[in-house]
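Q: Submitted below is the structure of interest, expressed as structure tokens.
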Amino acid sequence: MEEFNNMINGAKPTLIDFFATWCGPCKVQGPILEQVKASLGDSVNIIKVDIDRNNDLAARYRIQSVPTLMLFVNGEPVWRASGVHQADVLEAKLREHMA
């Protein structure tokens, strides 16, 4: 939890992917996130959080469906969406919040 808090409290945009191993759409979203990370590199953080292994975080952010993506900047959630999102959409959203 402390490591999670340190990541989201940084100035670097941090995209959290709340997922589950049994979730079909989550399996589709995973490679898309890898593509986004390869494109944007170290200018952003992308973290995957398994809701079944991190019930406390899932409850804290009221995750009701997966995948749910949340974007944090300086510890504040600035965007949230559920479902699969394509790389171009995610890159545009991340670029809006890059320094």
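The values are calculated or read from the model by the stated rules, or taken from the named source; none is laboratory data. Values in this document were obtained by computation on a predicted structure and should not be read as measured data. Cβ coordinates were reconstructed from backbone atoms using ideal geometry, including for glycine residues, and neighbour counts include every protein chain displayed. The accessibility values were calculated without ligands, DNA or RNA, using every heavy atom of the protein model including side chains. Shrake-Rupley method; radii C 1.70, N 1.55, O 1.52, S 1.80 Å.
Q: Hey, what do the phi angles of region 24-32 turn into as Karplus ³J(HN,Hα) couplings, whole Hz, using 6.51/-1.76/1.60 and θ = phi - 60°, x for Gly and Pro?
A: My calculation for region 24-32 gives x, x, 5, 5, 6, 5, x, x, 5 Hz in order.
Q: Relative to the present Cα-Cα distance, how much length would full extension add between residue 42 and residue 98 at 0.36 nm per residue of separation?
A: Fully extending the segment from residue 42 to residue 98 adds 19.1 nm.
Q: Moving on to the next point. Which loop trypsin sites (Lys or Arg not before Pro) in region 49-84, with loop taken from DSSP, have no more than 14 other Cβ atoms within 10 angstrom of their Cβ?
A: Here the sparse-neighbourhood loop sites are 53, 62.
Q: Next question. Could you work out the helix-only [θ] at 222 nm for the chain, with each DSSP H run of four or more residues adding -39,500 (n - 2.57) and the total divided by the number of residues, to the nearest 500 deg cm²/dmol?
A: It comes out at -12000 deg cm²/dmol, rounded to the nearest 500.
Q: Hey, another quick one. From the list (1) 5.6; (2) 6.3; (3) 7.6, can you say which value of mean projected area of the Cα convex hull in nm² was derived from the structure given?
A: Matching the structure shown: (1).
Q: Suppose the chain between residue 27 and residue 56 were pulled fully straight at 0.36 nm per residue; how much longer would it get relative to their current alpha carbon spacing?
A: Working: separation 29, 0.36 × 29 = 10.44 nm, distance 2.22 nm.
So the extension gain works out to 8.2 nm.
Q: Turning to a different aspect of this structure: Would you mind getting the accessible area per residue of the chain, heavy atoms of the protein chains only, 1.4 Å probe, in Å²?
A: 55 Å²
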